[in-house]
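Remarks on the structure that follows.
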Amino acid sequence: MSERTIAAIATPLGEGSIGVIRISGDDALKVADKVFRSFSGENLCEKLGYTAAYGEIIDGDRIIDDGVALVFRSPKSYTGEDVVEISIHGGRLMLKSALRVILQNGAFMAEPGEFTKRAFLNGKLDLTKAESVMGLISANSEAELRLSRAAHIGKVSEKIDGIEADLVSADASIAAYSDYPDEDIEGLNYDNFLKMLQNAKTQIEKMLSTYDAGRILREGIETVIVGKPNVGKSTLMNMLSGAERSIVTEVAGTTRDIIEDTVTVGDITLRLADTAGIHETQDTVESIGVNRAIDRIDKAELVLAVFDSTMPLDSDDLKLLETVKGKNTIVVVNKTDLESNIDMTAFYGMRVVTISAKNNTGYEELSKEIAEISGTNSLNPDTVVLISERQRACTERALDGVNEAINALQSGQTMDAVGVCVDDALAALFELTGKRVTNEVTDEIFRKFCVGK
Ligand code: GDP
């Protein structure tokens, strides 16, 4: 239990029909009783958990608003402490006045993420679940929501607990073997240790492999659309965003600068930049745009290289093709509603999609290719997906530990040395879920939360 009782507005400040103020801590009910007068005359201190009272929130003689107080009794609350949630009308001033009076009556202003931090410290959720709270609140796509939800209900924790249990059992077997090397105990042999460690390695690698695709689902993918003037880049961008976003014109070279836009294709948010056509130009304004476009190809995580199917590939097209080869590129052959004059064999070995941006055809195929190239198509957001860079780093450290243990075993080092490497792997997993974690790490995680969470 924490010594301070904290309070904060839990809903966004704006004009909402309802706004909620949350109070948590040993004195939550006492503080609430000073500012909330129930119409039934009953004190909140006398009420059981999971019950509500209708009444008014008061500042001395002044009634601020009428509303409902919900009582949660420790440990059956979000934070694990006594909690009162007061719902009143959701105006900005209204909520601030109510919070002020609560703070004047014994509660302290909560720090960012302090409610969730207390939930973690009181064992209500582990760190992977705590981190998922941010994803649940800020999800931009259905897939992101699903993977945050999966983490929140404990899919990531369960998986890690399983790997931890395997490693603990490997550790115990190794320790027993070091203590009694001459005993012939079943299971305590080299082959079995190797099998246990390799099994843990496979599971950790599998978990780690979810990170990149998960990150793309959460944050989107930095995408650049490149191609000569007039091949239909702006039209493609408009097809993707479903709006007249870029300047579309029949005069070659008029999309001169980089226009940022964000579109969602299937489950993936593309952070798009429409660029000047890649071609050699004498025009100074345009050449700035072209250089920036080449620069963007280097930085982009995904390149959509557009070609006009009505014309044979010229030297500019071939130069572009060379530039984008080896990048994460999808070749988009456009204007397929018109007669084709393009030699498709030039794209041999590359991912190719044929579209008509003008007629809106080929969207599904493009969406499928994007999901494939991003690895999101093979990711099931309802299962284990690592959802933060911190989780990825811990998992990688666990993998390093297991790899070192395998090396130590295979190179004939002592069992103690193998055991030390397994311990390192375990320490990384304990940090991942928060079973063993420093205050600095926890503070860092919860600092990213907003006040009220
Ligand atoms: P950009 O310079 O690469 O951005 O090309 P634009 O998007 O401005 O398109 C150049 C011209 O090609 C415009 O007249 C478009 O209407 C036309 N265009 C673009 N996509 C298609 C398509 O799929 N089919 C046909 N027939 N015309 C297209």
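Within segment 387-445, the set of residues being more than 28 Å from Ala213 (Cα to Cα), touching a residue at least 60 places away in the same chain (Cβ under 8 Å) and among the small types (Gly, Ala, Ser) comprises Ala405, Gly419. When residues in segment 7-28 are screened for being in contact (Cβ under 8 Å) with a residue 12 or more places away in the chain and out of contact with any Lys or Arg (no Cβ under 8 Å at 6 or more places or on another chain), 12 of them pass.
Being of a type in the set (Gly, Ala, Ser), closer than 19 Å to Thr345 by Cβ and not in a loop (DSSP other than H, G, I, E, B) is the filter here; which residues of segment 293-321 pass it?
Ala305, Ser315 - these are the residues of segment 293-321 that are of a type in the set (Gly, Ala, Ser), closer than 19 Å to Thr345 by Cβ and not in a loop (DSSP other than H, G, I, E, B).
What is the residue count in segment 324-359 for residues that are within 31 Å of the chain's Cα centre (by Cα) and not β-branched (Val, Ile, Thr)?
Adding up the residues that qualify gives 6.
Within the option set Lys327, Lys319, Lys228, Lys233, being surrounded by fewer than 19 Cβ atoms within 10 Å (Cβ to Cβ), modelled with pLDDT of 85 or more and either over 30 Å from Gly214 (Cα atoms) or within 15 Å of the ligand (Cβ to nearest atom) (or both) holds for one residue only, Lys319. All told, Met311 falls short of being in contact with a Ser or Thr (Cβ under 9 Å, 6 or more places away or on another chain) and either within 16 Å of the ligand (Cβ to nearest atom) or not acidic (Asp, Glu) (or both). Would you check if Leu409 is in a helix (DSSP H, G or I), at pLDDT below 95 and more than 16 Å from the ligand (Cβ to nearest atom)? Yes, satisfied. From the list Ser356, Ser374, which one is more than 16 Å from the ligand (Cβ to nearest atom) and not β-branched (Val, Ile, Thr)? The match here is Ser374.
Looking at Leu29, Leu13, just one residue is modelled with pLDDT under 95 and under 23 Å from Val451 (Cβ atoms), and that residue is Leu13. Entry remark, segment 69-103: residues being under 13 Å from Ala32 (Cβ atoms) and out of contact with any strand residue (DSSP E or B) (no Cβ under 8 Å at 6 or more places or on another chain) number 1 in total.
Among the residues of segment 67-97, the ones that are of a type in the set (A, V, I, L, M, F, W, C) and touching a residue at least 40 places away in the same chain (Cβ under 8 Å) come to 7 in all. Closer than 29 Å to Phe36 by Cα and within 18 Å of the chain's Cα centre (by Cα): does that describe Thr116? Criteria met by Thr116.
Entry remark, segment 322-343: residues being out of contact with any strand residue (DSSP E or B) (no Cβ under 7 Å at 6 or more places or on another chain), within 22 Å of Met239 (Cβ to Cβ) and not in a loop (DSSP other than H, G, I, E, B) number 0 in total. Has segment 38-53 got at least one residue that is under 25 Å from Arg4 (Cβ atoms) and acidic (Asp, Glu)? There is at least one residue in segment 38-53 that is under 25 Å from Arg4 (Cβ atoms) and acidic (Asp, Glu).
The values are calculated or read from the model by the stated rules, or taken from the named source; none is laboratory data. In this text the structure is predicted, and so the values were computed from the model without any measurement. Note that each Cβ is placed from the backbone with ideal geometry, even for glycine, and that neighbours are counted across all protein chains shown.
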